[in-house]
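The values are calculated or read from the model by the stated rules, or taken from the named source; none is laboratory data. Please read all numbers here as calculations on a predicted model, not as lab measurements. Don't worry about glycine lacking a Cβ; one is built from the backbone with ideal geometry, like all the others, and counts go over all protein chains shown.
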Amino acid sequence: MNDTSLGADSLGGLTADLVRRTLLDAAEIAAAVTLPRFRSALVVDNKEAQGFDPVTEADRQAELAIRELIGNRFPDHAIIGEEWDDKPGTSRFAWIIDPIDGTRAFITGVPVWGTLVGLTIDGKAAAGLMAQPFTGEIYLGLPGEASYHRVSDKAALRTSAVTELARAKMTTTSPDLFEKHGVAEPWDRIRGRVLTTRYGLDCYGYALMAAGHIDLVVEAGLKNVDICPLIPLIQNAGGVITTWAGGPAEDGGNCVAAATPELHAAAMAVLRG
C-alpha cells in the first residue's frame, strides 16, 4: 500500500500528501510573520484581568495567515484557534491552531516557542506539526509517520525506551500552573521521583520527547490548542499521551505524555496518589 492510499484511509479520505503539504505551508507562512518580530521591540498585551497571559501582533497576524491558507484550501473545514473566534465547519474535519505556543518565551527572546497546527477528524487528533522557525526545525506527525525536518535534513523520530521514573528526564512549562489549578501535591510527588526536571519549554518539550531526548511531560490546565496538534507527533513517535484521568487529551486539561507505556503507567500511578 503506498503512502497516499494509507493517508486516505486513515485521514478521512484526505491524502497524507495533501495534509503534510498543508501543515508545512502553514508553518512557512506563519514563520514569515513571526520570525521578523522575534527579538524585536514588541507591544505585548495581556489577555487576563488578573494574572498574565500575553499576546502580540505576531500571534494574531500569524493565526490569520494560517486561517486564510486553510480556509481557501478546505472551505468546509472548521478552524479552531488561540487568538480568534472559531470558524464552524460542515464536515468531519477541524484544524487546530496555536500560532505561537509559548508567547512568554517569544517575548523574552527564548527560542523554545513554536507554531502548532493540527488536524482532527470527528474530534480525534489525526495529524499535527510543531515548527520553530528561529532554529529552522519542524516536527511532523501523520498516521504511521513522525519526522524531523531542518533545511534539507530529515529523520524519523522515536521516543526513548525509558520505562522507570527514576531514569526519566521530565519537563513542564511552569510549576506555577500546578498551584493555579490546584494540583501542586501530585506535581510535588512526581517531581521527587524522576531523574531531573527542566522548566519553560512549552511545546518544544513535547517535540524533544518525540525525538528521544526527554522522557516525560506533565502539564496542568492546558487548552485544546496547546496540546491537540502535538498528539499525532507523540503517538506516531511511539509515545503515550492522555489526561491524568486516562482519557483522550484532545480537549486539554491536565495531561501526561510519556516515552513508553510503562513510564506512562508509572507516572499515572504517582499522579493519582
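Regarding region 197-204, can at least one residue be identified that is free of Cβ contacts under 8 Å to residues at least 60 places away in the same chain, within 20 Å of ILE97 (Cβ to Cβ) and crowded, with 24+ Cβ neighbours inside 10 Å?
Filtering region 197-204 down to residues free of Cβ contacts under 8 Å to residues at least 60 places away in the same chain leaves 197-199.
The next check asks that each one be within 20 Å of ILE97 (Cβ to Cβ); those that pass are none.
Checked region 197-204: no residue is free of Cβ contacts under 8 Å to residues at least 60 places away in the same chain, within 20 Å of ILE97 (Cβ to Cβ) and crowded, with 24+ Cβ neighbours inside 10 Å.
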Looking only at region 166-175, decide whether some residue is surrounded by fewer than 24 Cβ atoms within 10 Å (Cβ to Cβ) and charged (D, E, K, R).
-> yes
Restricting attention to region 66-74, does a residue exist that is closer than 18 Å to ILE227 by Cα and either modelled with pLDDT of 95 or more or hydrophobic (A, V, I, L, M, F, W, C) (or both)?
-> yes
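Taking ARG73, is it basic (Lys, Arg) and within 18 Å of LEU222 (Cα to Cα)? Full working, then the answer.
Working: basic (Lys, Arg): yes; within 18 Å of LEU222 (Cα to Cα): no.
Taking the combined requirement at face value, the residue does not satisfy it.
Tell me, please, whether a residue that is touching a Gly at 6+ places or on another chain (Cβ under 8 Å) and among the acidic types (Asp, Glu) can be found in region 173-181.
Of all residues in region 173-181, those touching a Gly at 6+ places or on another chain (Cβ under 8 Å) come to 173-174, 177, 180-181.
Now restrict to residues that are among the acidic types (Asp, Glu): none.
Within region 173-181, not a single residue is touching a Gly at 6+ places or on another chain (Cβ under 8 Å) and among the acidic types (Asp, Glu).
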